[in-house]
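J.: If you scroll down you'll find the structure; I have some questions about it.
The values are calculated or read from the model by the stated rules, or taken from the named source; none is laboratory data. Only a predicted model underlies this, so the values are computations on that prediction, with no experimental measurement involved. So basically every Cβ, Gly included, is an ideal-geometry build from the backbone, and we count neighbours across all protein chains shown.
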Ligand code: SF4
Ligand code: SF4
């Protein structure tokens, strides 16, 4: 296998092609990137439209306890909930979703 030697040496002497995300050298998201979903509890009227249209069932709205639960691990970041929410209580920005060690849902308490 002596023909592999130049490749091995080149790889040993060059920088890694992968990045140590999220520790260093995080790239700016590209234009139009669909990033994190955020809820503004103060604007929400608990209508439940977001939960009805969500194709991946990532949102649950519970009127009795005035809570929204959002599962970022089910979410496919399609922004359908953002478009349907009339009071503009859901926003989406270009931030990457952070990596996590365990799955969990976010609970949003909606004030009276
Ligand atoms: S976040 Fe928007 S669509 Fe969802 S329950 Fe609240 S007001 Fe309705
Ligand atoms: S972005 Fe799409 S998948 Fe994610 S919560 Fe909203 S409707 Fe559901």
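J.: Considering each residue of region 52-68, count those that are surrounded by 15 or more Cβ atoms within 10 Å (Cβ to Cβ) and either at negative phi or away from ligand 1 (no atom under 14 Å from the Cβ) (or both), and give that number.
T.: 7
J.: Still on this structure: Name, by its number, the condition in (1) modelled with pLDDT of 95 or more; (2) surrounded by fewer than 11 Cβ atoms within 10 Å (Cβ to Cβ); (3) within 22 Å of residue 104 (Cα to Cα) that does not hold for residue 37.
T.: (2)
J.: Separate question: Would you mind finding the one in 38, 49, 42 that is closer than 14 Å to residue 95 by Cα and within 16 Å of ligand 1 (Cβ to nearest atom)?
T.: Being closer than 14 Å to residue 95 by Cα and within 16 Å of ligand 1 (Cβ to nearest atom) holds for just one of 38, 49, 42, which is 38.
J.: Another question, if that's okay. Looking for something within 9 Å of ligand 2 (Cβ to nearest atom), within 23 Å of residue 103 (Cα to Cα), touching a residue at least 12 places away in the same chain (Cβ under 8 Å) and assigned to a loop (DSSP other than H, G, I, E, B) - is there at least one such residue anywhere in region 17-30?
T.: no
J.: Any residue at all in region 24-32 that's more than 15 Å from ligand 1 (Cβ to nearest atom) and surrounded by 10 or more Cβ atoms within 10 Å (Cβ to Cβ)?
T.: yes
J.: Considering each residue of region 41-99, count those that are free of Cβ contacts under 8 Å to residues at least 24 places away in the same chain, more than 8 Å from ligand 2 (Cβ to nearest atom) and assigned to a strand (DSSP E or B), and give that number.
T.: Residues meeting the conditions: 3.
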